[in-house]
Amino acid sequence: MRSVLYAIAVGLIGAALLHIVIILSLPSFTGRDAYTRVQTFGEANRFFPLANAGGDTLAPINDDPAMKTAVCAFSVENGPIRLFAQGDVPFWSLAVYDGDSNEVFSMNDRTSVSGALDTLVATPIQLIGIRKAVPPELEQSILVEMRGEEGYAVLRTFVPTESRLEAATGFLADASCEPFTPEP
């Protein structure tokens, strides 16, 4: 009798764990994960602004009406990606995620050099080459190591009043997410 109860308990615990694993892995099987949704906005290496609408497909990323958000899908397979933005906004933040939506790096205007966003995302091998001879245009850049080759960046800016909306919209529109090529 004791072994039957033990077998039932082990079976129930195993079934519960299996259900949890299935539920947590479901987004990657259905194509509804954040990285897949970011890719649907358009071409890679370009920031796309998100609307503050209830029907937004990335609502959890863009759920605060006082924040304006833009996302950019990228690949570092063929070289590093440089994320750059500057403007007169009261606050901005950046988060970089890998293709599995794991946060790789985050920062805001208070932790940046001179208040501007200037970040280079690269693989460990690419960063080794860059660190051997840092190009002049990257001397103030923050170098971010990313283990995978694909990912996305989420750039947010704060809009405390309606009068700041134009500056925030311009900040996101002018932000770049482009492959880095050193100047000759």
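The values are calculated or read from the model by the stated rules, or taken from the named source; none is laboratory data. Keep in mind it's a predicted model, so treat the numbers as computed, not measured. Counting neighbours? That spans all protein chains shown, and the Cβs are built from the backbone with ideal geometry, glycine included.
All but one of (1) buried (at least 17 other Cβ atoms within 10 Å of the Cβ); (2) of a type in the set (Phe, Trp, Tyr); (3) at pLDDT below 90 hold for Phe29, so report the exception by its number.
Unmet for Phe29, out of (1) buried (at least 17 other Cβ atoms within 10 Å of the Cβ); (2) of a type in the set (Phe, Trp, Tyr); (3) at pLDDT below 90: (1).
Val154 is checked against (1) surrounded by fewer than 13 Cβ atoms within 10 Å (Cβ to Cβ); (2) under 16 Å from Gly42 (Cβ atoms) and fails just one. What number does that condition carry?
(1)
Sort out for me the strands (runs of 3 or more DSSP E) sitting completely within the range 45-109 that have 1 or more residues that are surrounded by 16 or more Cβ atoms within 10 Å (Cβ to Cβ), hydroxyl-bearing (Ser, Thr, Tyr) and at pLDDT 90 or above.
67-75, 92-98
With acidic (Asp, Glu) and surrounded by 13 or more Cβ atoms within 10 Å (Cβ to Cβ) as the only criterion, which of Glu183, Glu139, Glu149, Glu166 stands out?
Glu149
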